[in-house]
Amino acid sequence: MILVLLAFVCGVGMDIVWTCCVHSIQARKPIMAANMSVLIFGFALVSTVIVVEKCTLAIVAYAIGNWIGTYITVKKETW
């Protein structure tokens with residue numbers, strides 16, 4: 001159950017961090033963009049592990065987290 005919760009949190013975090021990274025690149029903030037890139041890599045590792053482990057419930061939780069993360073970033077006007 002902890003893996004499912006972790007997957008959900010990582011799904012939400014991935015999309016929020018992705019948005020922050022894009023904004024950092026557009027604002028020409030290389031250190032912030034590089035830091036966000038490392039976080040994106042970490043979130044991608046989690047998704048890779050849950051796919052390799054074939055944990056279907058965690059995969060679904062990650063996808064729901066992605067949906068919510070995207071919704072939050074689009075709904076919020078500025079980062």
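Taken together, the values in this text are just the output of simple stated rules run on the coordinates, not laboratory data. Keep in mind the model is a prediction, meaning the values are calculated, not measured. We place every Cβ from the backbone using ideal geometry, glycine too, and count neighbours over all the protein chains shown.
Please state the charge dipole magnitude for the chain, taken about the Cα centre, from unit charges on C-beta atoms (+1 on K and R, -1 on D and E), reported in debye and rounded to the nearest 20. Don't skip to the answer; put the middle values down first.
Numbers: 5 positive and 3 negative charges, 38 e Å.
My answer is approximately 180 debye.
Return the label of the correct value of Cα Rg over 2.2 N^0.38 Å, as calculated from the structure shown, out of (1) 1.37; (2) 1.14; (3) 2.98.
(2)
By how many degrees, between 0 and 90 and to the nearest 10, does the Cα long axis of helix 30-52 differ from the longest principal axis of the chain?
10
Can you tell me the length gained on complete extension of the stretch Leu57 to Val38, counting 0.36 nm per residue apart and subtracting the Cα distance? Mind showing how you got there, number by number?
On the way: separation 19, 0.36 × 19 = 6.84 nm, distance 2.58 nm.
Taking Leu57 through Val38 to full extension adds about 4.3 nm, to one decimal.
Taking the 0 to 90 degree range and rounding to the nearest ten, how far is the long axis of helix 2-26 tilted relative to the main principal axis of the chain, both from C-alpha atoms?
Helix 2-26 sits roughly 20 degrees off the main axis of the chain.
What is the angle, in °, between the Cα long axis of helix 56-75 and the longest principal axis of the Cα atoms in the chain? Nearest 10 is fine, range 0 to 90.
Between helix and principal axis, roughly 20 degrees.
Need the list of lysines near Lys29 for cross-linking: C-alpha distance under 22 angstrom, and skip anything on the same chain fewer than eight residues off.
Candidates past the 8-residue exclusion: Lys76.
At 222 nm, what helix-only mean residue ellipticity would the chain give, in deg cm²/dmol to the nearest 500, using -39500 (n - 2.57) for each DSSP H run of four or more? Working shown, then result.
Working: 3 runs with 68 residues, N = 79.
Calculated at 222 nm, the ellipticity per residue is -30000 deg cm²/dmol.
Pairs of Cα atoms under 8 Å, at least six residues apart: use those to get the relative contact order of the chain, whole percent. Show your work: numbers first, answer last.
Numbers: 90 pairs, mean separation 40.9, N = 79.
About 52 percent, as a whole number.
List the residues of region 10-53 whose backbone N lies under 15 Å from a point placed 7 Å from the Cα of Val74 along the Cα-to-Cβ direction.
What the label zone holds, given the 15 Å backbone N cut-off, is 15-16, 19.
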